[in-house]
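Novice: Mind having a look at this structure? Questions to follow.
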Amino acid sequence: MFGIFQIIVLLLIAAQSYASNENCTLESACTCNLKSAGLLNLAGSGGGLDYIEITSGVYTYRYYPCGVKADWGGVCTIENHPAVCQQTRDGEYYVLGKSNSYEITRAVAKGDNTYFDFLFQDGTSDFINGRRNATVRVMCDIRGSHELKFISESPIINYNFVFMTPKACLYKQPDAPIGNILFIVLMVTLPVGLILYLGIGVGIMACKGERRLGLIPNIGFWIIAPFLFFDGFLFVFSCIPFVRKYLKKTIEEDYEKMPS
């Protein structure tokens, strides 16, 4: 039974893990369709602009949720399809990731904590470490604001951002209650466990030289098992009038049969 319990726990954990991370079908650089929660559409999240801009340290960053509509400077132009751009204090520009080279690496529908990880690749090369990449975690913000935060450059030439927006507030349809999941798991694992128990038990009893009914392990238990199940049924449903009446009659008959 301990082994069966372990299997049940592992299956439940796997089911929860699968439910938490889903595939979001990409439709464009700013939209993806999450089967359980609907369409993520970042159009208009710039508040009338096609970008969200922040300054962190000596750098200025622009994130284009739905693609660039106008040139910024340097290589950050329409023809280069930037999704995230960086401007240094010296006036140099770098593409940190392109809107035509992207994927969603993680999508989690958890109500107000819903988020999507966009990985934009094929940015400007630094000729030593390769091309720059940017990961933007698009998170639900129930306050209604659109806010971009620079998190880190880690590892080198890999830039990490968080974009808070109410447009990411997608609500997953309710999962099946945990009781239903457990019932289904039990209905699958218990018959398998019983078959294994009987199969191995019969093999062991055969090796011991048993024949016919003696091959069944713990034959004594299986003989009385129907009566035990019947008694359990009567106990569980003893609140039903006709069951209670049957029990009372049986007890009275047994009492009358007792030697005086």
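The values are calculated or read from the model by the stated rules, or taken from the named source; none is laboratory data. Only a predicted model underlies this, so the values are computations on that prediction, with no experimental measurement involved. So basically every Cβ, Gly included, is an ideal-geometry build from the backbone, and we count neighbours across all protein chains shown.
Novice: What's the number of the condition residue 66 fails, among (1) surrounded by fewer than 17 Cβ atoms within 10 Å (Cβ to Cβ); (2) assigned to a loop (DSSP other than H, G, I, E, B)?
Specialist: (1)
Novice: Then there is this: List the number of the failed condition for residue 65; all other conditions in (1) within 18 Å of residue 158 (Cβ to Cβ); (2) at pLDDT below 95 hold.
Specialist: Here residue 65 meets the rest and fails (1).
Novice: Restricting attention to the stretch 72-87, which residues are farther than 14 Å from residue 52 by Cα, assigned to a loop (DSSP other than H, G, I, E, B) and of a type outside the set (Ser, Thr, Tyr)?
Specialist: 74, 75, 81
Novice: Report every pair of residues separated by at least 6 positions or lying on different chains whose Cβ atoms are under 8 Å apart, first residue within the stretch 159-182 and more than 16 Å from residue 112 (Cα to Cα), second assigned to a loop (DSSP other than H, G, I, E, B) and at pLDDT 60 or above.
Specialist: As it stands, the answer is 159/132; 160/154, since those pairs meet every condition given.
Novice: For residue 47, are the conditions met, namely being assigned by TED's automatic domain parsing to the domain that holds residue 113, surrounded by 15 or more Cβ atoms within 10 Å (Cβ to Cβ) and part of a loop (DSSP other than H, G, I, E, B)? Quick ask: steps written out before the conclusion?
Specialist: Details: assigned by TED's automatic domain parsing to the domain that holds residue 113: yes; surrounded by 15 or more Cβ atoms within 10 Å (Cβ to Cβ): no; part of a loop (DSSP other than H, G, I, E, B): yes.
No: the conditions fail for residue 47.
Novice: Hey, does the stretch 90-106 have a residue that's out of contact with any Gly (no Cβ under 9 Å at 6 or more places or on another chain) and outside any strand (DSSP E or B)? I'd like the intermediate steps shown before the answer.
Specialist: Going residue by residue through the stretch 90-106, those that are out of contact with any Gly (no Cβ under 9 Å at 6 or more places or on another chain) are 90, 102-106.
Still in the list and also outside any strand (DSSP E or B): 90.
Looking for residues that are out of contact with any Gly (no Cβ under 9 Å at 6 or more places or on another chain) and outside any strand (DSSP E or B), one finds at least one in the stretch 90-106, hence yes.
Novice: Let me ask another. Within the stretch 83-104, work out how many residues are among the aromatic types (Phe, Trp, Tyr) and farther than 21 Å from residue 59 by Cα. Write out each step before concluding.
Specialist: Kept after step one, since they are among the aromatic types (Phe, Trp, Tyr), are these residues of the stretch 83-104: 93-94, 102.
If we keep only those that are farther than 21 Å from residue 59 by Cα too, we end up with 102.
Summing the residues that are among the aromatic types (Phe, Trp, Tyr) and farther than 21 Å from residue 59 by Cα in the stretch 83-104 gives 1.
Yes/no per residue for (1) of a type outside the set (Val, Ile, Thr); (2) at pLDDT 85 or above:
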position: 106; (1), (2): yes, yes
position: 122; (1), (2): yes, yes
position: 157; (1), (2): no, yes
position: 189; (1), (2): no, no
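Novice: Another question, then. Mind listing just one residue for me: the one in the stretch 26-43 that is within 15 Å of residue 68 (Cα to Cα) and in contact with a Phe, Trp or Tyr (Cβ under 9 Å, 6 or more places away or on another chain) and, of those, surrounded by the fewest Cβ atoms within 10 Å (Cβ to Cβ)?
Specialist: Ranking the candidates gives 29 first.
Novice: Turning to a different aspect of this structure: Just one of 101, 154, 125 is in contact with a Phe, Trp or Tyr (Cβ under 8 Å, 6 or more places away or on another chain) and more than 19 Å from residue 45 (Cα to Cα); which is it?
Specialist: Values: 154 fails: in contact with a Phe, Trp or Tyr (Cβ under 8 Å, 6 or more places away or on another chain); 125 fails: in contact with a Phe, Trp or Tyr (Cβ under 8 Å, 6 or more places away or on another chain).
From the options 101, 154, 125, the qualifying one is 101.
Novice: Moving on to the next point. Only one of (1) assigned by TED's automatic domain parsing to the domain that holds residue 144; (2) at pLDDT below 85 is not met by residue 54, so which one is it?
Specialist: Of (1) assigned by TED's automatic domain parsing to the domain that holds residue 144; (2) at pLDDT below 85, only one is false for residue 54: (2).
Novice: Restricting attention to the stretch 124-150, and to residues there that are within 13 Å of residue 96 (Cβ to Cβ) and of a type in the set (Lys, Arg), which single residue is surrounded by the fewest Cβ atoms within 10 Å (Cβ to Cβ)?
Specialist: Checking each candidate, the answer is 131.
Novice: A further question on this structure: I'm trying to understand the selection: among the residues of the stretch 50-63, which are of a type in the set (D, E, K, R), closer than 21 Å to residue 91 by Cβ and either assigned to a loop (DSSP other than H, G, I, E, B) or touching a residue at least 60 places away in the same chain (Cβ under 8 Å) (or both)? Explain how you work it out, then say what you get.
Specialist: Restricting attention to the stretch 50-63, the residues satisfying the condition of being of a type in the set (D, E, K, R) are 50, 53, 62.
Checking which are closer than 21 Å to residue 91 by Cβ leaves us with 53, 62.
Scanning the stretch 50-63 gives a single hit, 53.
Novice: Take the conditions at pLDDT 70 or above, in the same structural domain as residue 203 (by TED's automatic domain parsing) and of a type in the set (Val, Ile, Thr) and apply them to residue 251. Does it pass? Spell out the reasoning first.
Specialist: On the way: at pLDDT 70 or above: no; in the same structural domain as residue 203 (by TED's automatic domain parsing): yes; of a type in the set (Val, Ile, Thr): yes.
Spelling it out, it is not the case that residue 251 is at pLDDT 70 or above, in the same structural domain as residue 203 (by TED's automatic domain parsing) and of a type in the set (Val, Ile, Thr).
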